[in-house]
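In what follows, a single structure is set out as C-alpha cells and then discussed.
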Amino acid sequence: MNSRSFLTLFVLIISASTACAQDAKKTADDFAAKWVAAYDAGDATALAGLFTQDGVFNAPSGAVVKGREAIEKALAGRMKAGWTKETVTTNDAGAAGNAVWAAGDYALIGSGEVAGKQTGGRFGWVLVRDGEVWRVKMLTANVSPPK
C-alpha cells in the first residue's frame, strides 16, 4: 500500500470513528430526553418499558434490581417518596459493537415532603437495540457525596 492510499484509509477510519462517536452521543442524548419525559410525567411503567425484559438497575441505594416489573416498582417508590423531577446530562458516550454506552450526571428534585431538596450523582448505562428502539440493558447510578 502506498503512502497516499494509507493516508486515505487512515482519514476514512478516523472520520468513521468520529461519526460513530457523534451518533452514540446523539443516541444517548435522545434516550435521556425520553427518560426525563417519562420520569417527569411520573410514569414508572413507561420508565420500566425503556429497559430490556432482563434489564438491570444498580440503584444509588446499592440495590440491584432486575427485570422490568421490579424496576417499575423501585422507580415508582422513588417517585412516591417525593423525587418527582429528574435532569440527565450525558457527558460521554460511545459505541461498542451493537450497543451504546453513556455516562453522565443526574439530579433528582424533590416535591411534597422533600420539596426544595435535591440529590444526584453520576450514572452509566448500556443501551441495546430491541427491534427499532433502544433500551437499557444496564443502568448504574451512584449518589454524589455531600458537599
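Key figures
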| item | result |
| --- | --- |
| Under-5 Å amide H pairs with residue 130, H placed in peptide plane, nonlocal only | 135 |
| Modelled FRET efficiency - R0 25 Å, residue 76 with residue 23, Cβ distances, 0.05 increments | 0.15 |
| Too-long pairs where the Cα-Cα distance tops 22 Å, listed order kept, from 25/137; 66/117; 117/137 | 66/117; 117/137 |
| Partners for residue 80 among aspartates and glutamates (Cα-Cα distance below 16 Å; same-chain residues under 8 apart left out) | 40, 43, 72, 113 |
| Cα-centre dipole for region 3-141 with unit charges at Cβ (Lys and Arg positive, Asp and Glu negative), debye to 20 | 200 |
| Label-point separation, residue 118 to residue 103 (7 Å along Cα→Cβ), nm | 2.3 |
| Residue among 89, 109, 67 farthest towards the positive dipole end of region 65-115, charges placed on Cβ | 67 |
| Full-extension gain in nm, residue 87 to residue 43, via 0.36 nm per residue minus C-alpha separation | 14.3 nm |
| 5 angstrom amide H check on residue 85, placed H, neighbours 5+ away | 109 |
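Taken together, the values in this text are just the output of simple stated rules run on the coordinates, not laboratory data. As the structure is a computational prediction, the values presented were derived from the model and not from experiment. Cβ coordinates were reconstructed from backbone atoms using ideal geometry, including for glycine residues, and neighbour counts include every protein chain displayed.
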